[in-house]
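Below: one structure, written as structure tokens.
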Amino acid sequence: MQDMLVKLYELPDARQLTERLATQGIAIRPALAAEKQLVEQWIQREFGAGWASEASVCFSRQPVSCILALEGQQILGFGCYETAYRNFFGPTGVLPQQRGRGIGKALLLHCLHAMKALGYGYAIIGGVGPADFYRKAVGATLIPGSDPGIYRGLLRGEEVD
């Protein structure tokens, strides 16, 4: 899976999408440090140990670099930035039954706008699965020669004792 590059100076505004989701009872907000264990457990259950490990890094940052999509007390999705490497977006995930509502795009935009506020002009989306989603949502472009990228040699757990 290749990495993608995003121009942070050409990002769409997130407000209208966030407001539309709010009318449906969905809040998009940064995770709180006190939610660390709950969020990590949810990510591990829904998306696996690797993503939960990366997301745990978000809680060592100030402010926390994990954005949540919530419906009441239920987590619907999450987006992280500055986990595996600085200036990288991801991991991110939305529950399968919640996809297609704009939640993933809202999480993406909130994370990328936070990265822009940190002073970055560009962001890297690492190890992209849905390249078309990122292309349409924020104009991301594939980075040639970036597969396997930063995850080259990643421990998979099969041979770890």
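Structure notes:
- Test item: Cα-centred dipole of the chain, Lys/Arg +1 and Asp/Glu -1 on Cβ, debye: 520
- Put a dot 7 Å past the Cα of Glu19, heading toward its Cβ, do the same for Lys136, and the two dots end up 2.4 nm apart.
- Cβ-Cβ distance of Ala49 and Ala27, R₀ of 35 Å, FRET efficiency by 1/(1 + (r/R0)^6): the value works out to about 0.85.
- Cα-based values for segment 1-64, radius of gyration first and Dmax second, are 14.8, 36 Å.
- A 1.4 Å probe over all protein chains sorts Thr18, Thr23, Thr141 by accessible area into Thr23, Thr141, Thr18, starting with the largest.
- Phi-based couplings in Hz for segment 92-103 (Karplus 6.51, -1.76, 1.60; Gly and Pro marked x): 8, x, 10, 3, x, 6, 9, 5, x, 9, x, 5
- Per principal axis, descending, Cα span of segment 81-149 in whole Å: 31, 28, 21
- Length-normalised contact order of the chain in % [C-alpha pairs under 8 Å, at least 6 apart]: 35
- Surface share of carbon and sulfur [accessible, 1.4 angstrom probe, percent] for the chain: 53
- Probe 1.4 Å, protein heavy atoms only - accessible area per residue of segment 30-140 in square angstrom: 47
- For the chain, the calculated P(r), taken from all Cα-Cα distances in 10 Å bins from zero up to the bin holding the longest distance, is 11, 41, 38, 10, 1 percent.
The values are calculated or read from the model by the stated rules, or taken from the named source; none is laboratory data. All figures in this text were calculated on a predicted structure; none of them were measured in a lab. For neighbour counting, all protein chains shown are included, and Cβ atoms are generated from backbone atoms with ideal geometry for every residue, glycine included. Protein only, heavy atoms only, side chains kept; ligands, DNA and RNA dropped before computing areas. Shrake-Rupley method; radii C 1.70, N 1.55, O 1.52, S 1.80 Å.
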